[in-house]
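Below is one structure, written out as C-alpha coordinates; the observations come after it.
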There are 2 protein chains.
Amino acid sequence: MKRNSRLSAVLHALLHMAERDRPMTSDELAVCLQTNPVVVRRTMAGLREAALVTSGRGHGGGWTLARPLEDVTMRDIYAALGEPMLFQMGNATESPGCLVEQAVNHALDDAFRDAEAMLIARLGEVTLATLADDFKRRFAEHRAALKQRG
Amino acid sequence: MKRNSRLSAVLHALLHMAERDRPMTSDELAVCLQTNPVVVRRTMAGLREAALVTSGRGHGGGWTLARPLEDVTMRDIYAALGEPMLFQMGNATESPGCLVEQAVNHALDDAFRDAEAMLIARLGEVTLATLADDFKRRFAEHRAALKQRG
DNA sequence: TATTTCGTAACTATTATTATTACATGAAAA
DNA sequence: TTTTCATGTAATAATAATAGTTACGAAATA
(Lines give C-alpha, C1' and ligand atoms only; values in the text may rest on other atoms or scores of the structure.)
Protein backbone atom coordinates (compact mmCIF):
# COMPACT_ATOMS: atom_id res chain seq x y z
CA MET A 1 0.00 0.00 0.00
CA LYS A 2 2.09 2.91 -1.18
CA ARG A 3 -0.24 5.56 -2.46
CA ASN A 4 0.75 9.03 -3.49
CA SER A 5 3.90 9.24 -1.45
CA ARG A 6 5.22 12.28 -3.28
CA LEU A 7 5.46 14.39 -0.16
CA SER A 8 7.65 11.94 1.69
CA ALA A 9 9.65 11.21 -1.45
CA VAL A 10 10.33 14.89 -1.99
CA LEU A 11 11.37 15.42 1.61
CA HIS A 12 13.66 12.45 1.27
CA ALA A 13 15.20 13.99 -1.83
CA LEU A 14 15.65 17.43 -0.31
CA LEU A 15 17.42 16.09 2.75
CA HIS A 16 19.78 14.09 0.63
CA MET A 17 20.48 17.25 -1.34
CA ALA A 18 21.15 19.09 1.90
CA GLU A 19 23.86 16.58 2.76
CA ARG A 20 25.83 17.49 -0.34
CA ASP A 21 27.63 20.60 -1.50
CA ARG A 22 27.04 20.23 -5.20
CA PRO A 23 23.95 19.71 -7.34
CA MET A 24 22.39 16.27 -7.52
CA THR A 25 21.28 15.03 -10.90
CA SER A 26 17.85 13.59 -11.58
CA ASP A 27 19.53 10.24 -12.15
CA GLU A 28 21.17 10.31 -8.74
CA LEU A 29 17.94 11.25 -7.03
CA ALA A 30 16.09 8.58 -8.99
CA VAL A 31 18.46 5.93 -7.65
CA CYS A 32 18.08 7.33 -4.16
CA LEU A 33 14.28 7.27 -4.37
CA GLN A 34 14.10 4.11 -6.44
CA THR A 35 12.18 5.72 -9.23
CA ASN A 36 12.67 7.12 -12.70
CA PRO A 37 14.64 10.29 -13.47
CA VAL A 38 11.75 11.69 -15.49
CA VAL A 39 9.49 11.29 -12.50
CA VAL A 40 12.04 13.16 -10.42
CA ARG A 41 12.09 16.04 -12.90
CA ARG A 42 8.33 16.19 -13.02
CA THR A 43 8.03 16.32 -9.29
CA MET A 44 10.87 18.76 -8.72
CA ALA A 45 9.43 21.09 -11.35
CA GLY A 46 6.78 22.16 -8.85
CA LEU A 47 9.42 22.95 -6.26
CA ARG A 48 11.37 25.00 -8.77
CA GLU A 49 8.29 27.06 -9.58
CA ALA A 50 7.93 27.69 -5.87
CA ALA A 51 11.58 28.78 -5.77
CA LEU A 52 12.48 26.10 -3.26
CA VAL A 53 15.10 24.58 -5.55
CA THR A 54 16.95 25.54 -8.68
CA SER A 55 17.94 23.35 -11.58
CA GLY A 56 20.85 23.63 -13.96
CA ARG A 57 21.60 21.88 -17.22
CA GLY A 58 24.72 20.51 -18.75
CA HIS A 59 27.96 19.54 -17.03
CA GLY A 60 27.81 20.12 -13.31
CA GLY A 61 24.08 20.65 -13.56
CA GLY A 62 21.35 19.16 -11.42
CA TRP A 63 19.19 20.16 -8.49
CA THR A 64 20.17 22.53 -5.68
CA LEU A 65 18.35 23.80 -2.61
CA ALA A 66 17.53 27.47 -3.05
CA ARG A 67 16.75 28.40 0.54
CA PRO A 68 18.18 27.69 3.98
CA LEU A 69 16.78 24.63 5.69
CA GLU A 70 15.35 26.74 8.50
CA ASP A 71 13.16 28.66 6.08
CA VAL A 72 11.35 25.78 4.45
CA THR A 73 8.50 23.95 6.16
CA MET A 74 6.78 20.75 5.13
CA ARG A 75 3.77 22.91 4.45
CA ASP A 76 5.73 24.92 1.87
CA ILE A 77 6.56 21.71 0.12
CA TYR A 78 3.00 20.49 0.30
CA ALA A 79 1.93 23.76 -1.30
CA ALA A 80 4.61 23.51 -3.98
CA LEU A 81 3.28 20.08 -4.90
CA GLY A 82 -0.05 21.68 -5.70
CA GLU A 83 -1.77 20.95 -2.38
CA PRO A 84 -2.81 17.46 -3.37
CA MET A 85 -5.89 15.98 -1.71
CA LEU A 86 -4.98 14.76 1.73
CA PHE A 87 -7.94 12.49 2.21
CA GLN A 88 -8.84 9.25 0.70
CA MET A 89 -12.55 9.88 0.92
CA GLY A 90 -14.49 12.52 -0.83
CA ASN A 91 -18.13 13.31 -0.76
CA ALA A 92 -20.81 11.64 -2.71
CA THR A 93 -21.91 13.67 -5.69
CA GLU A 94 -24.36 11.20 -7.15
CA SER A 95 -27.46 13.26 -6.55
CA PRO A 96 -26.47 16.86 -5.90
CA GLY A 97 -30.09 17.81 -5.32
CA CYS A 98 -30.76 15.12 -2.73
CA LEU A 99 -31.31 16.67 0.68
CA VAL A 100 -30.17 13.49 2.40
CA GLU A 101 -26.91 13.69 0.54
CA GLN A 102 -26.54 17.34 1.41
CA ALA A 103 -26.95 16.62 5.11
CA VAL A 104 -24.37 13.85 4.94
CA ASN A 105 -21.89 15.91 2.97
CA HIS A 106 -22.23 18.82 5.32
CA ALA A 107 -21.39 16.74 8.36
CA LEU A 108 -18.46 15.05 6.65
CA ASP A 109 -17.15 18.31 5.24
CA ASP A 110 -17.06 19.82 8.69
CA ALA A 111 -15.05 16.99 10.14
CA PHE A 112 -12.64 16.66 7.23
CA ARG A 113 -12.07 20.38 6.91
CA ASP A 114 -11.06 20.68 10.54
CA ALA A 115 -8.75 17.71 10.37
CA GLU A 116 -7.15 19.05 7.23
CA ALA A 117 -6.59 22.45 8.79
CA MET A 118 -4.93 20.85 11.78
CA LEU A 119 -2.72 18.67 9.64
CA ILE A 120 -1.61 21.56 7.47
CA ALA A 121 -0.84 23.63 10.53
CA ARG A 122 1.31 20.81 11.80
CA LEU A 123 3.15 20.61 8.51
CA GLY A 124 3.89 24.30 8.88
CA GLU A 125 5.64 23.71 12.19
CA VAL A 126 8.29 21.36 10.87
CA THR A 127 11.17 22.78 8.84
CA LEU A 128 13.72 20.93 6.79
CA ALA A 129 16.19 21.89 9.50
CA THR A 130 14.08 20.00 12.03
CA LEU A 131 14.23 16.93 9.85
CA ALA A 132 17.94 17.31 9.19
CA ASP A 133 18.60 17.54 12.92
CA ASP A 134 16.57 14.43 13.53
CA PHE A 135 18.54 12.66 10.86
CA LYS A 136 21.82 13.72 12.46
CA ARG A 137 20.65 12.47 15.83
CA ARG A 138 19.74 9.11 14.31
CA PHE A 139 23.07 8.97 12.56
CA ALA A 140 24.95 9.61 15.79
CA GLU A 141 22.94 6.92 17.56
CA HIS A 142 23.64 4.55 14.73
CA ARG A 143 27.36 5.13 14.98
CA ALA A 144 27.32 4.75 18.73
CA ALA A 145 25.49 1.44 18.40
CA LEU A 146 28.01 0.21 15.85
CA LYS A 147 30.90 1.23 18.06
CA GLN A 148 29.45 -0.54 21.08
CA ARG A 149 29.09 -3.75 19.10
CA GLY A 150 32.74 -3.38 18.21
CA MET B 1 -12.27 12.96 -8.51
CA LYS B 2 -14.43 10.59 -6.55
CA ARG B 3 -12.25 8.25 -4.60
CA ASN B 4 -13.38 5.80 -2.03
CA SER B 5 -16.62 7.51 -1.16
CA ARG B 6 -18.01 4.49 0.62
CA LEU B 7 -18.51 6.28 3.90
CA SER B 8 -20.70 8.99 2.46
CA ALA B 9 -22.48 6.49 0.24
CA VAL B 10 -23.28 4.27 3.21
CA LEU B 11 -24.54 7.18 5.28
CA HIS B 12 -26.68 8.19 2.35
CA ALA B 13 -28.12 4.69 2.17
CA LEU B 14 -28.79 4.40 5.90
CA LEU B 15 -30.66 7.68 6.03
CA HIS B 16 -32.83 6.66 3.13
CA MET B 17 -33.55 3.42 4.95
CA ALA B 18 -34.45 5.40 8.04
CA GLU B 19 -37.10 7.25 6.08
CA ARG B 20 -38.95 4.04 5.29
CA ASP B 21 -40.79 1.51 7.37
CA ARG B 22 -39.98 -1.57 5.34
CA PRO B 23 -36.75 -3.11 4.09
CA MET B 24 -35.03 -1.61 1.08
CA THR B 25 -33.66 -3.97 -1.52
CA SER B 26 -30.14 -3.77 -2.90
CA ASP B 27 -31.64 -2.78 -6.23
CA GLU B 28 -33.50 0.15 -4.69
CA LEU B 29 -30.41 1.31 -2.85
CA ALA B 30 -28.35 0.90 -5.99
CA VAL B 31 -30.66 3.25 -7.88
CA CYS B 32 -30.55 5.68 -5.00
CA LEU B 33 -26.74 5.64 -4.90
CA GLN B 34 -26.30 5.28 -8.64
CA THR B 35 -24.28 2.12 -8.39
CA ASN B 36 -24.63 -1.60 -8.81
CA PRO B 37 -26.71 -3.81 -6.47
CA VAL B 38 -23.77 -6.17 -5.97
CA VAL B 39 -21.67 -3.26 -4.79
CA VAL B 40 -24.42 -2.39 -2.35
CA ARG B 41 -24.46 -5.92 -0.96
CA ARG B 42 -20.70 -6.01 -0.63
CA THR B 43 -20.61 -2.75 1.22
CA MET B 44 -23.58 -3.48 3.45
CA ALA B 45 -22.09 -6.84 4.37
CA GLY B 46 -19.65 -5.05 6.65
CA LEU B 47 -22.45 -3.23 8.39
CA ARG B 48 -24.34 -6.46 8.89
CA GLU B 49 -21.31 -8.05 10.54
CA ALA B 50 -21.19 -5.06 12.85
CA ALA B 51 -24.89 -5.60 13.61
CA LEU B 52 -25.81 -2.15 12.38
CA VAL B 53 -28.23 -3.54 9.81
CA THR B 54 -29.94 -6.82 9.05
CA SER B 55 -30.67 -8.38 5.71
CA GLY B 56 -33.46 -10.70 4.65
CA ARG B 57 -33.92 -12.78 1.57
CA GLY B 58 -36.90 -13.57 -0.57
CA HIS B 59 -40.17 -11.72 -0.82
CA GLY B 60 -40.26 -8.68 1.42
CA GLY B 61 -36.56 -9.03 2.00
CA GLY B 62 -33.89 -6.37 1.86
CA TRP B 63 -31.96 -4.19 4.27
CA THR B 64 -33.18 -2.85 7.59
CA LEU B 65 -31.61 -0.69 10.27
CA ALA B 66 -30.91 -2.77 13.34
CA ARG B 67 -30.37 -0.01 15.89
CA PRO B 68 -31.96 3.31 16.78
CA LEU B 69 -30.53 6.30 14.97
CA GLU B 70 -29.36 7.85 18.22
CA ASP B 71 -27.12 4.87 18.94
CA VAL B 72 -25.08 4.84 15.74
CA THR B 73 -22.26 7.28 15.10
CA MET B 74 -20.37 7.93 11.90
CA ARG B 75 -17.42 6.40 13.68
CA ASP B 76 -19.31 3.14 14.14
CA ILE B 77 -19.92 3.05 10.43
CA TYR B 78 -16.32 3.89 9.65
CA ALA B 79 -15.30 1.00 11.87
CA ALA B 80 -17.82 -1.33 10.23
CA LEU B 81 -16.31 -0.52 6.87
CA GLY B 82 -13.01 -1.86 8.13
CA GLU B 83 -11.44 1.46 9.09
CA PRO B 84 -10.23 2.22 5.60
CA MET B 85 -7.20 4.45 5.21
CA LEU B 86 -8.23 8.05 5.68
CA PHE B 87 -5.22 9.61 4.05
CA GLN B 88 -4.14 9.82 0.51
CA MET B 89 -0.47 9.84 1.36
CA GLY B 90 1.50 7.15 2.97
CA ASN B 91 5.12 6.98 3.90
CA ALA B 92 7.95 6.16 1.65
CA THR B 93 9.15 2.61 2.07
CA GLU B 94 11.77 2.58 -0.65
CA SER B 95 14.74 2.27 1.63
CA PRO B 96 13.62 1.09 5.06
CA GLY B 97 17.15 1.30 6.36
CA CYS B 98 17.77 4.87 5.21
CA LEU B 99 18.07 7.16 8.22
CA VAL B 100 16.93 10.14 6.15
CA GLU B 101 13.79 8.28 5.28
CA GLN B 102 13.25 7.32 8.90
CA ALA B 103 13.46 10.93 10.00
CA VAL B 104 10.99 11.99 7.34
CA ASN B 105 8.57 9.19 8.10
CA HIS B 106 8.68 9.91 11.80
CA ALA B 107 7.73 13.55 11.31
CA LEU B 108 4.94 12.73 8.88
CA ASP B 109 3.62 9.90 11.04
CA ASP B 110 3.29 12.24 13.98
CA ALA B 111 1.28 14.78 12.05
CA PHE B 112 -0.94 12.26 10.29
CA ARG B 113 -1.62 10.24 13.40
CA ASP B 114 -2.83 13.28 15.29
CA ALA B 115 -5.03 14.44 12.48
CA GLU B 116 -6.49 10.99 12.12
CA ALA B 117 -7.25 10.77 15.84
CA MET B 118 -9.01 14.10 15.71
CA LEU B 119 -11.03 13.16 12.67
CA ILE B 120 -12.13 9.86 14.16
CA ALA B 121 -13.12 11.59 17.37
CA ARG B 122 -15.26 13.96 15.35
CA LEU B 123 -16.91 11.09 13.55
CA GLY B 124 -17.83 9.69 16.93
CA GLU B 125 -19.73 12.81 17.86
CA VAL B 126 -22.22 12.67 15.02
CA THR B 127 -25.03 10.14 15.15
CA LEU B 128 -27.39 9.11 12.41
CA ALA B 129 -30.05 10.98 14.37
CA THR B 130 -28.00 14.15 14.01
CA LEU B 131 -27.92 13.66 10.28
CA ALA B 132 -31.60 12.78 10.08
CA ASP B 133 -32.47 15.93 11.99
CA ASP B 134 -30.37 17.99 9.65
CA PHE B 135 -32.12 16.40 6.73
CA LYS B 136 -35.54 17.21 8.21
CA ARG B 137 -34.51 20.80 8.74
CA ARG B 138 -33.40 21.08 5.13
CA PHE B 139 -36.63 19.50 4.00
CA ALA B 140 -38.71 22.00 5.98
CA GLU B 141 -36.70 24.87 4.54
CA HIS B 142 -37.14 23.47 1.10
CA ARG B 143 -40.91 23.32 1.50
CA ALA B 144 -41.05 26.80 2.95
CA ALA B 145 -39.12 28.12 -0.01
CA LEU B 146 -41.46 26.39 -2.44
CA LYS B 147 -44.50 27.77 -0.65
CA GLN B 148 -43.16 31.29 -0.73
CA ARG B 149 -42.57 31.08 -4.45
CA GLY B 150 -46.19 30.04 -4.83
C1' DT C 1 31.68 20.06 -31.34
C1' DA C 2 30.76 16.35 -28.07
C1' DT C 3 28.86 15.39 -23.79
C1' DT C 4 25.99 16.12 -20.11
C1' DT C 5 21.73 17.31 -18.03
C1' DC C 6 17.26 19.23 -17.70
C1' DG C 7 12.31 19.98 -20.13
C1' DT C 8 8.50 17.90 -21.83
C1' DA C 9 5.26 15.44 -24.64
C1' DA C 10 3.49 11.04 -25.78
C1' DC C 11 2.90 6.59 -24.66
C1' DT C 12 2.81 2.32 -21.75
C1' DA C 13 2.33 -0.24 -17.48
C1' DT C 14 0.65 -0.94 -13.03
C1' DT C 15 -2.51 -0.78 -9.42
C1' DA C 16 -6.73 0.16 -6.96
C1' DT C 17 -11.34 0.61 -7.24
C1' DT C 18 -15.70 -0.18 -9.05
C1' DA C 19 -18.87 -2.60 -12.01
C1' DT C 20 -20.68 -6.73 -14.08
C1' DT C 21 -21.82 -11.53 -14.80
C1' DA C 22 -23.11 -15.81 -13.18
C1' DC C 23 -24.82 -18.88 -10.20
C1' DA C 24 -25.91 -20.70 -5.53
C1' DT C 25 -28.83 -20.20 -1.29
C1' DG C 26 -32.74 -19.13 1.24
C1' DA C 27 -37.50 -17.23 2.06
C1' DA C 28 -42.08 -16.08 0.90
C1' DA C 29 -45.98 -16.38 -2.19
C1' DA C 30 -48.86 -18.72 -5.57
C1' DT D 1 -44.21 -27.74 -4.25
C1' DT D 2 -43.07 -24.77 -7.64
C1' DT D 3 -42.26 -20.10 -8.80
C1' DT D 4 -40.57 -15.74 -7.74
C1' DC D 5 -37.89 -12.68 -5.29
C1' DA D 6 -33.86 -11.32 -2.89
C1' DT D 7 -29.40 -11.84 -0.79
C1' DG D 8 -24.33 -14.19 -0.86
C1' DT D 9 -20.33 -14.53 -3.20
C1' DA D 10 -16.79 -15.80 -6.46
C1' DA D 11 -14.79 -14.63 -10.76
C1' DT D 12 -14.09 -11.52 -14.22
C1' DA D 13 -14.05 -7.11 -16.70
C1' DA D 14 -13.88 -2.20 -16.99
C1' DT D 15 -12.30 2.21 -15.33
C1' DA D 16 -9.43 5.55 -13.45
C1' DA D 17 -5.36 7.19 -11.06
C1' DT D 18 -0.64 6.91 -10.67
C1' DA D 19 3.84 5.80 -11.99
C1' DG D 20 7.18 4.49 -15.35
C1' DT D 21 9.28 4.71 -20.07
C1' DT D 22 10.76 6.34 -24.48
C1' DA D 23 12.10 9.84 -27.37
C1' DC D 24 13.77 13.99 -28.59
C1' DG D 25 14.64 18.97 -27.98
C1' DA D 26 17.20 22.80 -25.50
C1' DA D 27 20.82 24.60 -22.91
C1' DA D 28 25.28 24.54 -20.59
C1' DT D 29 29.99 23.08 -20.08
C1' DA D 30 34.29 20.80 -21.32
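Between copies, how close do the B:ALA121 label points come, placed 7 Å along Cα→Cβ, listed in nm from shortest?
1.2
With every protein chain kept in place and ligands, DNA and RNA left out, what is the accessible area per residue of the protein assembly as shown? Probe 1.4 Å, answer in Å².
About 54 Å² of surface per residue is accessible.
For the interface of B with A, what's the total buried accessible surface in square angstrom, probe 1.4 angstrom, rounded to the nearest hundred? Write out the running numbers ahead of the final one.
Values: alone 10520 and 10520 Å², together 16120 Å².
Buried area (both sides, nearest 100 Å²): 4900 Å².
Could you work out how far helix B:99-123 tilts from the main Cα principal axis of chain B, as a 0 to 90 degree angle to the nearest 10?
20
Say a label goes 7 Å from Cα toward Cβ at B:ALA140 in every copy; what distances in nm does this one have to the rest, shortest first?
6.4
If we hang a label 7 Å off Cα along the beta carbon direction at A:GLY82, how far is it from the matching labels on the other copies, in nm, shortest first?
2.9
Of the heavy-atom accessible surface of the protein assembly as shown (probe 1.4 angstrom), what whole percent is carbon and sulfur? Display every interim value, and only then the final one.
On the way: 8210 of 16120 Å².
So the carbon and sulfur contribution to the accessible surface is 51 percent.
Express in whole angstrom the spacing between the alpha-carbon centres of the range B:66-140 and the range A:92-150.
12
Remind me, what semi-axes does chain B give for its equivalent ellipsoid, largest first in whole Å, using sqrt of 5 times each Cα gyration tensor eigenvalue? All intermediate terms of the calculation are to be shown ahead of the outcome.
Details: eigenvalues 259, 87, 43 Å².
Value: 36, 21, 15 Å, ordered largest first.
Among the chymotrypsin sites (Phe, Trp or Tyr not before Pro) in the range B:78-150, which ones are in a DSSP loop with at most 14 other Cβ atoms within 10 Å of the Cβ? Mind listing them?
On the way: sites: B:TYR78, B:PHE87, B:PHE112, B:PHE135, B:PHE139; in loops: none.
Hits after loop and neighbour filter: nothing returned.
Of the candidates A:ARG20, A:ARG48, A:ARG122, which one comes out as most mobile in a Gaussian network treatment of chain A with C-alpha springs shorter than 10 Å?
A:ARG20
Looking at chain A as a GNM with Cα springs under 10 Å, which of A:GLY60, A:GLY97, A:GLY124 has the largest mean-square fluctuation?
In the Gaussian network model the winner is A:GLY97.
If you fit an axis through the alpha-carbon atoms of helix A:6-18 and take the longest principal axis of the Cα set of chain A, what angle between them do you get, 0 to 90°, nearest 10?
So the helix axis and the longest Cα principal axis differ by about 20 degrees.
Could you give me the ³J(HN,Hα) list for the range A:61-76, computed from phi with Karplus coefficients 6.51, -1.76, 1.60 and θ = phi - 60°, whole Hz, x at Gly and Pro?
Working through the residues one at a time gives x, x, 9, 9, 5, 9, 9, x, 4, 5, 8, 10, 9, 4, 5, 4 Hz.
Would you mind telling me which residue in B:VAL72, B:VAL40, B:VAL31 has the biggest mean-square fluctuation in a Gaussian network model of chain B, where springs connect alpha carbons within a distance under 10 angstrom?
Looking only at B:VAL72, B:VAL40, B:VAL31, the largest GNM fluctuation is found for B:VAL31.
If I fit a long axis through the Cα atoms of helix A:37-49 and take the longest principal axis of the Cα atoms of chain A, what angle between them do I get, 0 to 90°, rounded to 10?
With rounding to tens, the tilt is 70 degrees.
Within chain B, what's the longest stretch lacking GluC sites (Glu not before Pro) that sit in DSSP loops with no more than 16 other Cβ atoms inside 10 Å? Working shown, then result.
Working: sites that count: B:GLU19, B:GLU94, B:GLU125.
My reading of the result: B:20-93 is the longest stretch.
The values are calculated or read from the model by the stated rules, or taken from the named source; none is laboratory data. These figures come from a predicted structure and were not determined experimentally. Note that we place each Cβ from the backbone using ideal geometry, even for glycine, and neighbour counts take in every protein chain shown. Note: accessible area is taken over every heavy atom of the protein model, side chains too, but ligands, DNA and RNA are not part of it. Shrake-Rupley method; radii C 1.70, N 1.55, O 1.52, S 1.80 Å.
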